[in-house]
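**Q** Okay, handing you the structure first.
The values are calculated or read from the model by the stated rules, or taken from the named source; none is laboratory data. Nothing here was measured: the structure is a model prediction, and the numbers come from that model. Cβ coordinates were reconstructed from backbone atoms using ideal geometry, including for glycine residues, and neighbour counts include every protein chain displayed. When the accessible area is computed, the model is the full protein with side chains, heavy atoms only, and any ligands, DNA or RNA have been set aside. Shrake-Rupley method; radii C 1.70, N 1.55, O 1.52, S 1.80 Å.
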Amino acid sequence: MDELGDGRREFLEIGRLAGRFPAASAHAVPSEIAVWCSNDYLGMGQSPVVLTAMKEAIDEFGAGSGGSRNIGGTNHCHVQLENELADLHGKESALLFSSGYSANDGSLTVLAGRLDDGIVFSDELNHASIIDGLRHSRAEKHIFRHNDVAHLEELLERADPSRPKLIVLESVYSMSGDIAPLAEIADLAARAGAMTFLDEVHAVGMYGPQGAGIAARLGLADQFTVIMGTLAKGFGTAGGYIAGPAVLVDAVRSFSRAFIFTTSLAPAIAAGALAAVRHLRASQEERDALRANAALMYGLLRERRIPYLSDDSHIVSVLVADEKKCKQVAELLLSRHGAYVQAINAPSVRPGEEILRIAPSAVHTEASVHAFTRALDDIWTTLALPRA
Ligand code: PLP
């Protein structure tokens, strides 16, 4: 075992992973791999609280839901989870989808598509699922420069004041890891009479009181009409949801093809997610551990002058800015140091803005954060990459 591993749960046996890295490197791969790009940010995917709830639900309800939500596939676990999520976000109602992708695609298709003569304003770095939902809605769409409040204001001012408006954004951006100026955008929305749709996929569980997200951290949750989240990252399981006013949630329930025409989440998944949400509402421990590991990593990267995009959140996007070298860094991390981080190239980022998207989690050890940063530094030197 090399210095990255001391038996912690973040280390997975290569035997289990071998199939996942067939072409990762021409070099021999160490016998144990530390994963540094998992979205299971808080370790809830391995938490006994979640695993026990899932096992019990399998014994009680079986493996699958047996149908779509409207035809036999609604289980007690789905309803409890929707109620819990509505309460978490302080909204009247919530609706589950089989993934965060479907939640964005399905709900934006309906919400933007059924706004009579509506106009949508969307951040240029919004996730593919948001882009697809807005495409499917066929609503008129204006793209504002990333996190650029002045540009959004300009676009809003140019729009006909009598037309209904919807602003769509994320709180923590998935690739750059930076955070949207939510207070300014909420203020603009209020002045323009616009509805808002906030994707908190990379924030729920991790930020705010009880893990309710960035808007809640700022005391602004009530100023965002709809809050959207996933159960697959901080909550460690699978599925997505929206939370908002009952009338809008009912519209999505009634018209969203992504909600209606598919089998609902397995009850055990809903039970596991419910256990994760409840646990993280009561426990601050995981959030504190995540924050400490992210802060430690940023500090070590600064010391070593390894460039990153932003230190707003726990998503550490190290800038390589070269497609070939980005892949080389990832390969060397794996073959030399047994650390797995996926290189992020176009189209996930713009060409020339290639990154290593590193996700220190609540279950990494402090020692492993030090070892990982040393490993990255070693490769930075080997490849003569520019320092910040
Ligand atoms: N929204 C954002 C910002 C994302 O980054 C992702 C996935 O990474 C999604 C939505 C989709 O969520 P899910 O993985 O649950 O489908």
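**Q** So who's got an amide H within less than 5 Å of the one on GLY240, skipping anything under 5 residues away but keeping other chains? H placed 1.01 Å off N, in plane.
**A** Result for GLY240 returns PHE97, SER98, SER99, GLY100, LEU231.
**Q** Can you tell me which lysines have their Cα less than 30 Å from the Cα of LYS141? Leave out same-chain residues fewer than eight positions away.
**A** Correct list for LYS141: LYS91, LYS165, LYS233.
**Q** Only Cα pairs under 8 Å and at least 6 apart count here; give the relative contact order of segment 295-354 as a rounded whole percent.
**A** Numbers: 54 pairs, mean separation 16.4, N = 60.
Worked out over segment 295-354, it gives 27 percent.
**Q** Report the accessible area of THR109, computed with a 1.4 Å probe over the heavy atoms of all protein chains in place, in Å² rounded to the nearest 10.
**A** So the heavy atoms of THR109 present about 40 Å² to solvent.
**Q** What whole-number value in Å² describes the accessible area per residue of segment 224-312 for a 1.4 Å probe?
**A** Details: 3310 Å² over 89 residues.
Heavy-atom accessible area per residue stands at 37 Å².
**Q** As a test question: what accessible area, to the nearest 10 Å², does LYS325 have when a 1.4 Å probe is rolled over all protein chains in place?
**A** Solvent-accessible area, nearest 10 Å²: 70 Å².
**Q** On a straight-distance basis, which aspartates and glutamates could pair with LYS325 in a cross-link, Cα separation under 15 angstrom, same-chain partners fewer than 8 positions away excluded?
**A** Once the sequence-local aspartates and glutamates are set aside, what remains near LYS325 is GLU353, GLU354, ASP377, ASP378.
**Q** Size of the dipole of segment 167-324 about the Cα centre, Lys and Arg at +1 and Asp and Glu at -1 on the beta carbon, nothing else charged, in debye to 20?
**A** On the way: 13 positive and 16 negative charges, 63 e Å.
Charge dipole of segment 167-324: 300 debye, to the nearest 20.
**Q** Please name which of LEU300, SER264, ALA282 has its Cα lying farthest along the dipole of segment 255-312 towards the positive end, using unit charges on Cβ (Lys, Arg +1; Asp, Glu -1) and the Cα centre as origin.
**A** About the Cα centre, the residue reaching furthest to the positive side is SER264.
**Q** Here is a follow-up. State to the nearest 20 debye the size of the charge dipole of the chain about its Cα centre, where the only charges are +1 on K and R beta carbons and -1 on D and E beta carbons. Working shown, then result.
**A** Numbers: 35 positive and 48 negative charges, 113 e Å.
So the dipole magnitude of the chain works out to roughly 540 debye.
**Q** What fraction of the DSSP beta bridges in the chain is antiparallel, stated in percent and rounded to the nearest 5? The partial results should precede the final answer.
**A** On the way: 21 of 40 bridges.
That works out to approximately 50 percent antiparallel.
**Q** Take every Cα pair under 8 Å in the chain that's 6+ residues apart, average their separations, divide by the length, and report that relative contact order as a whole percent. Could you put the intermediate results ahead of the total?
**A** Working: 814 pairs, mean separation 96.5, N = 388.
Reported as a whole number, the value is 25 percent.
**Q** Follow-up question, since we're still on this one. Taking the simple approach of a point 7 Å from Cα along Cα-to-Cβ for both ALA190 and THR382, what is their distance in nm?
**A** 5.3
**Q** Only residues of segment 271-307 count here: report those whose backbone N is under 17 Å from the spot 7 Å along Cα→Cβ of LYS327, or say none.
**A** none
**Q** When a/c reaches 1.5 or more, the comparison of a/b and b/c decides; with that in mind, is the chain rounded, prolate or oblate per its Cα gyration tensor? If you can, show how the numbers build up before the last one.
**A** Values: a/c = 1.94, a/b = 1.30, b/c = 1.49.
Oblate, since a/c reaches 1.5 and b/c is not below a/b.
**Q** Relative contact order for segment 216-358: what percent, with Cα pairs under 8 Å and sequence separation of 6 or more?
**A** Worked out over segment 216-358, it gives 14 percent.
**Q** Then there's this: Order LYS324, LYS233, most accessible first, counting only protein heavy atoms with a 1.4 angstrom probe.
**A** LYS324, LYS233
**Q** Quick check: at a probe of 1.4 Å, how many percent of the accessible area of the chain sits on carbon and sulfur atoms?
**A** Values: 8280 of 16180 Å².
Result for the chain: 51 percent of the exposed heavy-atom area is carbon or sulfur.
**Q** Give me a comma-separated list of calculated 3J(HN,Hα) values for segment 352-360, in order, Karplus coefficients 6.51, -1.76, 1.60 applied at θ = phi - 60°, integers in Hz, x for any Gly or Pro.
**A** Using θ = phi - 60°, the values come out as x, 10, 5, 9, 9, 8, 9, 10, x Hz.
**Q** Something else now. Can you give the direction-averaged projected area of the convex hull of the alpha-carbon atoms in segment 246-364, in nm²? Provide the component values of the computation, followed by the final result.
**A** On the way: hull surface 45.4 nm².
Computed as one quarter of the Cα hull surface, the answer is 11.4 nm².
**Q** Antiparallel DSSP bridges in segment 134-241: what percent, to the nearest 5? Before the final figure, lay out the partial values.
**A** Details: 3 of 11 bridges.
Antiparallel: roughly 25 percent of the beta bridges in segment 134-241.
**Q** Extension gain ILE260-ALA159, at 0.36 nm per residue separation less the Cα-Cα distance, in nm? Don't jump to the answer; show the numbers that get you there.
**A** Numbers: separation 101, 0.36 × 101 = 36.36 nm, distance 3.37 nm.
Difference between extended and current length: 33.0 nm.
**Q** Based on DSSP H runs of at least 4 residues, each adding -39500 (n - 2.57), what is the mean residue ellipticity at 222 nm of the chain after dividing by all its residues, to the nearest 500 deg cm²/dmol?
**A** Values: 14 runs with 162 residues, N = 388.
One gets -13000 deg cm²/dmol as the mean residue ellipticity at 222 nm.
**Q** Collect residues whose amide H, placed 1.01 Å from N in the peptide plane, falls under 5 Å from the amide H of ILE358; neighbours closer than 5 in sequence don't count.
**A** Here VAL316, SER317, VAL318 satisfy the definition.
**Q** So with the 1.4 Å probe, I'd like the accessible area per residue for segment 60-195, rounded to whole Å².
**A** Values: 5770 Å² over 136 residues.
About 42 Å² of surface per residue is accessible.
**Q** In whole angstrom, how far apart do the alpha carbon centroids of segment 202-227 and segment 52-101 sit?
**A** Computed from Cα coordinates, the inter-centre distance equals 21 Å.
**Q** In nm, give the distance between the simple-model label positions of ALA246 and ARG350, each being 7 Å from the Cα along the Cα-to-Cβ direction.
**A** 4.6
**Q** Be a star and scan segment 251-285 for residues whose amide nitrogen sits under 11 Å from the point 7 Å along the Cα-to-Cβ vector of ILE71.
**A** 261-263
**Q** Okay, moving on. With θ taken as phi - 60° and the coefficients 6.51, -1.76 and 1.60, list the Karplus ³J(HN,Hα) couplings across segment 32-45 in order, rounded to whole Hz; mark glycine and proline as x.
**A** Here the 3J(HN,Hα) series is 10, 10, 9, 8, 10, 9, 7, 8, 7, 4, 9, x, 5, x Hz.
**Q** Oh, and also: Please give the direction-averaged projected area of the C-alpha convex hull for segment 156-287, in square nanometres with one decimal. Show your work: numbers first, answer last.
**A** On the way: hull surface 37.5 nm².
The directionally averaged projection comes out at 9.4 nm².
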